[in-house]
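Student: What follows is a structure written as C-alpha cells; I'll ask about it next.
The values are calculated or read from the model by the stated rules, or taken from the named source; none is laboratory data. Because the structure is a prediction, the values reported are computed rather than measured. FYI the Cβ positions are ideal-geometry reconstructions off the backbone, even for glycines, and counts take in every protein chain you see. In case anyone asks, the SASA skips ligands and DNA or RNA and just uses the protein heavy atoms, side chains included. Shrake-Rupley method; radii C 1.70, N 1.55, O 1.52, S 1.80 Å.
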Amino acid sequence: MLLLSSCLGTYNEGEYYFQQQEYEKAVSMFSNALFINVTDVRALHMRARSYEELEDFALAKKDYEAILKLDPKYAQAHAGIGKLFWKMGDFRNSEIYLLKAAQHDPEDFEIIFLLGRAMIKNRRFKQADEFFQIAKQLEPEDARVYYYQGMARSQIGDLLGAAGSFNMSLKYDPDNLSARYNRGICRMMVGHSSWAVEDFDHVLKIKPDHIEALARRGNAKINANDPSGCQDLQEAANKGSWYAKMWLERCG
C-alpha cells in the first residue's frame, strides 16, 4: 500500500509539473514512478510527452515503443510516434503510425485530423479528403478540418467541393486569409469571377502586399468584363508575379 501511494504521489507530481510546462521536473517524477512500477503505461506515456516537449525525440520514441510492447493496441502510443515523425519531417512514417492509431481509436479527432494532413503531405489527396470527412463528423465546427479538406479537394479537381469547404472554414474562422484566397481561386476557376474578386479584395485589404491575390484579382476582373483588371495584372507583373506575366497577353 505504501509503494502504491508513493507511486501515485510521484505520478501526480509529474502531471503537475507537466501542466506547469516544467518538463525536466516532470521527466524526473515520471521516472521515479517507473522505478517503482516499470509497467506503468500512464507514466511512460506522460514521460514520452515530456521528452517530446523537450524535443528529445529519441527518448520519447523509446518510451512510446515500450508502451507498445506492453499494449500493442495503445492508440496514443502509435499516434505519439506518428507525431514525432511529423515533427521530423518524415511524413511517410508519420502516416503509417497515425493510420495504426486510427485503426485502434477511430473516434479520436486529433489522430484522424493529423492523419489527413499527413496524407496531404504524401500527395494522397483522395484518401485525405475521406479522413477529413470523418474528422468533420467528430468535430463539425473545427475550421481547420474544412480548410485542409478544401486543399485536398482542390488537388483532386473537385473545385466546387473545395470552394464549399473553404466557405465552411471561413464560417468558423472568418480571419483565415489563406482560406479566403483559395476560395477566390476556386470561385474563379468554376466561373464565379465576381465572387472571386470579392475574396481577393478582402485579402488585399488585410494584406496589400499579397502579389498573387492582386494578379488573380486582375484575371477575375477581366473575366467579369472589368477593364481595371489589366492594371492589377500589370502591377502584379511589375512586382514579379509569374502568374500575372502569363496572363498579361489578355490585355494586349
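Student: Go through the residues of the stretch 151-170 one by one and say whether even a single one is over 28 Å from Ala135 (Cα atoms), open to solvent by 10 Å² or more (accessible area, probe 1.4 Å) and out of contact with any helix residue (DSSP H, G or I) (no Cβ under 9 Å at 6 or more places or on another chain).
Tutor: Taking the stretch 151-170 first, the residues over 28 Å from Ala135 (Cα atoms) are none.
For the stretch 151-170, residues over 28 Å from Ala135 (Cα atoms), open to solvent by 10 Å² or more (accessible area, probe 1.4 Å) and out of contact with any helix residue (DSSP H, G or I) (no Cβ under 9 Å at 6 or more places or on another chain): absent.
Student: Look at Ile156 and say whether it is under 24 Å from His192 (Cα atoms) and either in contact (Cβ under 8 Å) with a residue 60 or more places away in the chain or β-branched (Val, Ile, Thr) (or both). Give the steps one after another, and end with the answer.
Tutor: Values: under 24 Å from His192 (Cα atoms): yes; either in contact (Cβ under 8 Å) with a residue 60 or more places away in the chain or β-branched (Val, Ile, Thr) (or both): yes.
Yes: the conditions hold for Ile156.
Student: Could you count how many residues in the stretch 45-74 are open to solvent by 10 Å² or more (accessible area, probe 1.4 Å), part of a helix (DSSP H, G or I), touching a helix residue (DSSP H, G or I) at 6+ places or on another chain (Cβ under 8 Å) and aliphatic (A, V, I, L, M)?
Tutor: Residues in the stretch 45-74 being open to solvent by 10 Å² or more (accessible area, probe 1.4 Å), part of a helix (DSSP H, G or I), touching a helix residue (DSSP H, G or I) at 6+ places or on another chain (Cβ under 8 Å) and aliphatic (A, V, I, L, M): 5 in total.
Student: Continuing with this model, one more query. Report every pair of residues separated by at least 6 positions or lying on different chains whose Cβ atoms are under 6 Å apart, first residue within the stretch 33-60 and within 19 Å of Thr10 (Cα to Cα), second surrounded by 15 or more Cβ atoms within 10 Å (Cβ to Cβ) and polar (S, T, N, Q).
Tutor: Ala33/Thr10
Student: Sticking with this one: Within the group Glu130, Glu107, which residue is out of contact with any helix residue (DSSP H, G or I) (no Cβ under 6 Å at 6 or more places or on another chain) and assigned to a helix (DSSP H, G or I)?
Tutor: Going through Glu130, Glu107 in turn, the sole match is Glu130.
Student: Out of curiosity, is Tyr97 hydroxyl-bearing (Ser, Thr, Tyr), over 16 Å from the mean Cα position of the chain (by Cα) and modelled with pLDDT of 95 or more?
Tutor: So Tyr97 fits the description; yes.
Student: Inside the stretch 75-103, can you point out the residues that are part of a helix (DSSP H, G or I), more than 16 Å from Arg123 (Cα to Cα) and open to solvent by 40 Å² or more (accessible area, probe 1.4 Å)?
Tutor: Scanning the stretch 75-103 gives Gln76, Lys83, Lys87, Tyr97, Lys100, Gln103.
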